[in-house]
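The values are calculated or read from the model by the stated rules, or taken from the named source; none is laboratory data. Only a predicted model underlies this, so the values are computations on that prediction, with no experimental measurement involved. All Cβ positions, even for glycine, are placed from backbone atoms using ideal geometry, and neighbour counts span all protein chains on display.
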Amino acid sequence: MKYWLAILSICVVSAALAQVPKPVPVEDLSGSEGAMLHGQQRAGIAYRQLQQAQYESKLAEQEYLNAEDAYRAAQKRADEFRRQAETSKKALDAARAKEAAARKAYENALNAVDQMRRKPPAK
C-alpha cells in the first residue's frame, strides 16, 4: 500500500508539473482582437486547471476508496484474529485443567505408594 501511494504521489506531481501553464510571449495586441486572444488564453488556462483539479479529485477519490477497502479488510482480519485468540484461550484453559487433573492423579498415586511403604506388610 505504501508503494502504491508513493507511485500515485509521483504521478500526481508529474501531472501537475506538466500542466503548469508556460508563459506566453507578450505581443503588442491592440483592440478587440488582442482582448479576444487574451480572453481565449485565460479560458485555456482555466480549462487546463479544471482538468487538473478533476484529475486530482479522481485520484483522491480512488485513494479514499482504497483506504476504505483496506480498513474493511484489516477489520475482518482483526475479527478473525480475535476469534482465533478466543479459541486458543479456551484450548489453553482446557489443557491447563487437564494438566492439573493429571498432576493431582500423579500426586495421589505417589501418596498411595508412600502409604504402602509406611505400612508394614500384612501377614
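One table, with the values for the structure above:
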quantity: Test: residue in region 32-53 that is out of contact with any helix residue (DSSP H, G or I) (no Cβ under 9 Å at 6 or more places or on another chain), at pLDDT below 95 and either surrounded by fewer than 10 Cβ atoms within 10 Å (Cβ to Cβ) or on the phi > 0 side of the Ramachandran plot (or both); calculated: yes
quantity: Per-region count, region 21-31, residues loosely packed, with under 10 Cβ neighbours inside 10 Å and either at pLDDT below 60 or touching a helix residue (DSSP H, G or I) at 6+ places or on another chain (Cβ under 7 Å) (or both); calculated: 7
quantity: Complete set of residues in region 78-111 that are under 31 Å from the mean Cα position of the chain (by Cα) and aromatic (Phe, Trp, Tyr); calculated: PHE81
